[in-house]
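Here is the structure we will look at.
The values are calculated or read from the model by the stated rules, or taken from the named source; none is laboratory data. Everything quoted here is computed from the prediction, not taken from an experiment. Backbone-built Cβ (ideal geometry, glycine too); neighbour counts: all protein chains shown.
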Protein chains: 2
Amino acid sequence: MTVTTPQGFRSAGIAVGLKSTGKPDLALVVNDGPEPASAVVFTSNRAQANPILWSRKVAENGAARAVILNSGGANCFTGDFGYATTRLTAEAVARELGDADAERILVCSTGLIGTGDQTFRDRIVDNIPTLVSALAADDETAPAAILTTDSVEKTATHRGDGWSIGAMAKGAGMLAPGLATMLVVITTDARLSDEALDVALRRATGASFDRLDSDGCMSTNDQVTLLASGASGVAPDANEFAVALTGVCDRLAAQLQADAEGASHDIDIEVRGAASVADAVEVGRSVARNNLFKAAIFGNDPNWGRVLAAIGTTEAALDPYQVDVSFNGVRLCHAGAPDRPVDECDLTPRRTRVEIDLFVGEHAATIRTNDLTHDYVHENSAYSS
Amino acid sequence: MTVTTPQGFRSAGIAVGLKSTGKPDLALVVNDGPEPASAVVFTSNRAQANPILWSRKVAENGAARAVILNSGGANCFTGDFGYATTRLTAEAVARELGDADAERILVCSTGLIGTGDQTFRDRIVDNIPTLVSALAADDETAPAAILTTDSVEKTATHRGDGWSIGAMAKGAGMLAPGLATMLVVITTDARLSDEALDVALRRATGASFDRLDSDGCMSTNDQVTLLASGASGVAPDANEFAVALTGVCDRLAAQLQADAEGASHDIDIEVRGAASVADAVEVGRSVARNNLFKAAIFGNDPNWGRVLAAIGTTEAALDPYQVDVSFNGVRLCHAGAPDRPVDECDLTPRRTRVEIDLFVGEHAATIRTNDLTHDYVHENSAYSS
């Protein structure tokens, strides 16, 4: 159990034919309260899919009652017809639940942009009675139904003192900040207000998904939904809850990084000695997005020159000639000049750590990314998503 | 003849052992006047190689007398020793020319970052007498000596009314704006002041090299040098000269694009209907840097959804739901929804045209880029540059 680990939730996942493989592709998570609250964070891409346009309005209406998610089609750039599909989906869920308002039903979609025709609509809407009848408090089927090119289910849970958090995620490509391009549903039975959830969720996503930058590409369909039922009767300390939520999101981010399409290295870029956290993030991201650096890591080449060339393109407070760069614990560049021999460094393990010390301040941040591989090119040229 | 097409110039290119292949790797272009003037544009990367640090000072001293260029080593992040190598190189050129000041000698280097040891220094400095003695007004050898992973020499000339322009360039990767990562030497026998040259050169590079973005990566060693001898005795109209210079730079940019490492498509992204040229450039660049879009083109997949997803990440004035996107003349997306069938579009030719109409203004710009291929990944993982 993941999203039903906390009390007050039911979920389900079924196959309705959106995926050509016949695998599960429609999931529903319902918040049964008794004190429902919610918070949602959306993609910062201005090109937004119909479910994002719909869910933004739902998020303004107070606590969401449920979230329905489909894989096998993004319903993005599908015109007025596509938006109507999203509305009809929410209405069908509300009708089947019996006691719900369509304006309180969040909708998420993931898959190929431009997919959202009559067949897509029918397969979702016609199967909602089946989906609702499959809802269970001990469900194990929802996480698989939101996957696209993912090779594994991504889940995380946290046990607090009398309360808990459960979460599921999908994401295997297009992982870039302003959310890391994914769908995430997080549930908790803690008693917390919409406002408290919103503060905690923004803090958590800012320090986790927003620092995952697999390929610099930002999706049109990103959504992270946090639902609270209040069913535990426990109101945890706000900071304790935020720390736990950040931990859950960070574990999901690590799973997304580890499953990035075609990657052969998971690279953690740790920037230290920055004048601000924002500077540390900017420096780390400039390296994470540098195709030459990423291709070098694929070839097990600890090319520190490409790190410095990437750093030099930022606005961050730094002097490129005062920077240290280490790969997997071996300092290859000291004060902007060669240090240890490159052959002391072994980049064959999948896990790769690049440490960058700017020596101008006390702030730090870690950006998670992946290498640029033949398989990345292949998967993203052969598979349209 | 390229850089010696205009009167008043001599050049030479020789092999001194910097390249393991034994190919030419040291070039010199000398301005013999009688009215020398010059302008230089440098990389906007804050991580700058020693020859850039040196040449920035030279550029402040008035008309440059000569420019010496080596391939086979970037002399970047090589410490004080590397800077001294650059200074010794300029001093040796000045000494051998006999009538020159080292502070008027521009230096350019290209190759692997971190390369610039005693052997590198000796091979350059010790061979400068040979290089100077090889100088000729009908030289054909300089363009080859500045190449790195380039497969062909890049040259362009322009014949004005009694005056001319000659140019040579190198660049086959790390092509991103704020100069497109390359070395360029342009000569003219027109009579023009340093100031007139500077205005013309910035206008020309802004509309050519700055709109070439092969892989989003910016180099530490970029330099575009324009030398005028005044030997024709003709002072062309400033606008006429700037237009001619822009044409020369644009033809070089097209050659750089066509020789980009590992590319299988040359993609021109034409953005129209923008509120400003800056908006058009930002939109075009966001698409040019999107790895998912670039991988799709490699697979001959006209994935217009990825174009819109990239556009949505910009700050430009636009509504993603009012945008048209065409691939090779076939409009696949109209007003943010699917238009013509994707299979009407043939992306098998190397030359690829993506047209994006924003319908918010009258401005336009074209960004040149390339696709993301297996060969790009291979060449940039196997070859350290």
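Every residue in region B:262-281 that is out of contact with any helix residue (DSSP H, G or I) (no Cβ under 8 Å at 6 or more places or on another chain) and surrounded by 22 or more Cβ atoms within 10 Å (Cβ to Cβ), please. Within region B:262-281, B:D279, B:A280 meet the criteria. Considering only residues that are under 18 Å from A:L97 (Cα atoms) and surrounded by fewer than 22 Cβ atoms within 10 Å (Cβ to Cβ), which ones fall in region A:8-22? Once the filter is applied, which keeps residues that are under 18 Å from A:L97 (Cα atoms) and surrounded by fewer than 22 Cβ atoms within 10 Å (Cβ to Cβ), region A:8-22 yields A:R10, A:I14. Taken over region A:52-93, the criterion of being within 22 Å of A:K23 (Cβ to Cβ), modelled with pLDDT of 95 or more and within 14 Å of chain B (Cβ to nearest Cβ) is satisfied by A:T85 alone.
Output the number of residues of region A:1-17 satisfying the condition of being at pLDDT 95 or above and assigned to a loop (DSSP other than H, G, I, E, B). The number of residues fulfilling the criteria is 9. The set of residues in region A:135-154 being of a type outside the set (D, E, K, R) and surrounded by fewer than 18 Cβ atoms within 10 Å (Cβ to Cβ) consists of A:A136, A:A137, A:T141, A:S151, A:V152.
When restricted to residues that are more than 30 Å from B:P302 (Cα to Cα) and surrounded by 17 or more Cβ atoms within 10 Å (Cβ to Cβ), region A:97-124 contains 7. For B:T157, state whether it is surrounded by 22 or more Cβ atoms within 10 Å (Cβ to Cβ) and either modelled with pLDDT under 90 or farther than 30 Å from A:R306 by Cα (or both). Considered against the rule, which asks whether it is surrounded by 22 or more Cβ atoms within 10 Å (Cβ to Cβ) and either modelled with pLDDT under 90 or farther than 30 Å from A:R306 by Cα (or both), B:T157 comes out as no. Considering each residue of region B:248-261 in turn, at least one proves to be under 24 Å from B:T373 (Cβ atoms), among the hydrophobic types (A, V, I, L, M, F, W, C) and surrounded by fewer than 23 Cβ atoms within 10 Å (Cβ to Cβ). Among all positions in region A:324-336, there is at least one residue which is of a type in the set (A, V, I, L, M) and either within 29 Å of A:T205 (Cβ to Cβ) or crowded, with 24+ Cβ neighbours inside 10 Å (or both).
Confirm whether B:N31 is of a type in the set (S, T, N, Q) and under 24 Å from B:E91 (Cα atoms). Against the criterion (of a type in the set (S, T, N, Q) and under 24 Å from B:E91 (Cα atoms)), B:N31 qualifies.
When the residues of region A:92-138 are filtered to those that are touching a Phe, Trp or Tyr at 6+ places or on another chain (Cβ under 6 Å) and of a type in the set (A, V, I, L, M), which remaining residue is farthest from A:L53 (Cα to Cα)? Even if it seems obvious, please write down each step before you answer.
Residues of region A:92-138 touching a Phe, Trp or Tyr at 6+ places or on another chain (Cβ under 6 Å): A:107, A:113-114.
Still in the list and also of a type in the set (A, V, I, L, M): A:107, A:113.
On the way: A:V107: 10, A:I113: 15 Å.
Among them, the one singled out is A:I113.
Among the residues of region A:191-246, write down those that are in contact (Cβ under 8 Å) with a residue 12 or more places away in the chain, among the charged types (D, E, K, R) and surrounded by fewer than 24 Cβ atoms within 10 Å (Cβ to Cβ). Quick ask: steps written out before the conclusion?
Step one: filter region A:191-246 for residues in contact (Cβ under 8 Å) with a residue 12 or more places away in the chain, giving A:191-194, A:196-205, A:207-236, A:238, A:240-242, A:244-246.
Now restrict to residues that are among the charged types (D, E, K, R): A:191, A:194, A:198, A:202-203, A:210-211, A:213, A:215, A:222, A:240.
Within region A:191-246, A:R191, A:D194, A:D198, A:R202, A:R203, A:D210, A:E240 meet the criteria.
When we screen A:D319, A:D268 for residues that are of a type in the set (D, E, K, R) and facing another protein chain (nearest Cβ under 9 Å), the only hit is A:D319. Checking each residue in region A:277-307 for being touching a strand residue (DSSP E or B) at 6+ places or on another chain (Cβ under 7 Å) and over 25 Å from A:S208 (Cα atoms) picks out A:P302, A:W304.
Look through B:L197, B:L226, B:L212, B:L201 and report the one residue that is at pLDDT below 95, touching a Leu at 6+ places or on another chain (Cβ under 6 Å) and more than 14 Å from chain A (Cβ to nearest Cβ).
Just a single option satisfies the conditions, and that option is B:L212.
Looking only at residues that are surrounded by 21 or more Cβ atoms within 10 Å (Cβ to Cβ) and of a type in the set (V, I, T) in region A:340-377, which one is farthest from A:A317 (Cα to Cα)? Step by step, filter region A:340-377, then rank; the result is A:V377.
Which of the residues that make up region B:322-331 are assigned to a loop (DSSP other than H, G, I, E, B) and more than 17 Å from A:I113 (Cβ to Cβ)? Full working, then the answer.
Initial filter on region B:322-331 (assigned to a loop (DSSP other than H, G, I, E, B)): B:323, B:328-329.
Matches in region B:322-331: B:N328, B:G329.
On the stretch given as region A:332-371, residues that are assigned to a strand (DSSP E or B) and within 14 Å of chain B (Cβ to nearest Cβ) total 9.
Would you confirm whether or not region B:122-140 contains a residue that is in contact with a strand residue (DSSP E or B) (Cβ under 9 Å, 6 or more places away or on another chain) and within 14 Å of another protein chain (Cβ to nearest Cβ)? No, region B:122-140 contains no residue that is in contact with a strand residue (DSSP E or B) (Cβ under 9 Å, 6 or more places away or on another chain) and within 14 Å of another protein chain (Cβ to nearest Cβ).
Residues in region B:280-304 that are within 9 Å of another protein chain (Cβ to nearest Cβ), in contact (Cβ under 8 Å) with a residue 24 or more places away in the chain and over 26 Å from the mean Cα position of the chain (by Cα) were compared, and the one that is nearest to A:D222 (Cα to Cα) is B:W304. Name, by its number, the condition in (1) in the same structural domain as B:L135 (by TED's automatic domain parsing); (2) part of a loop (DSSP other than H, G, I, E, B); (3) in contact (Cβ under 8 Å) with a residue 40 or more places away in the chain; (4) farther than 26 Å from B:R211 by Cβ that does not hold for B:W54. Exception for B:W54: condition (2).
Just so you know, in region B:37-51 the residues that are touching a residue at least 60 places away in the same chain (Cβ under 8 Å) and part of a loop (DSSP other than H, G, I, E, B) include one that is farthest from B:D222 (Cα to Cα), and it is B:A47.
This table checks each residue for (1) out of contact with any Ser or Thr (no Cβ under 8 Å at 6 or more places or on another chain); (2) under 22 Å from A:A156 (Cβ atoms).
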{"site": "A:A12", "(1), (2)": "no, yes"}
{"site": "A:T43", "(1), (2)": "no, yes"}
{"site": "A:A49", "(1), (2)": "no, no"}
{"site": "A:R65", "(1), (2)": "yes, no"}
{"site": "A:G82", "(1), (2)": "yes, no"}
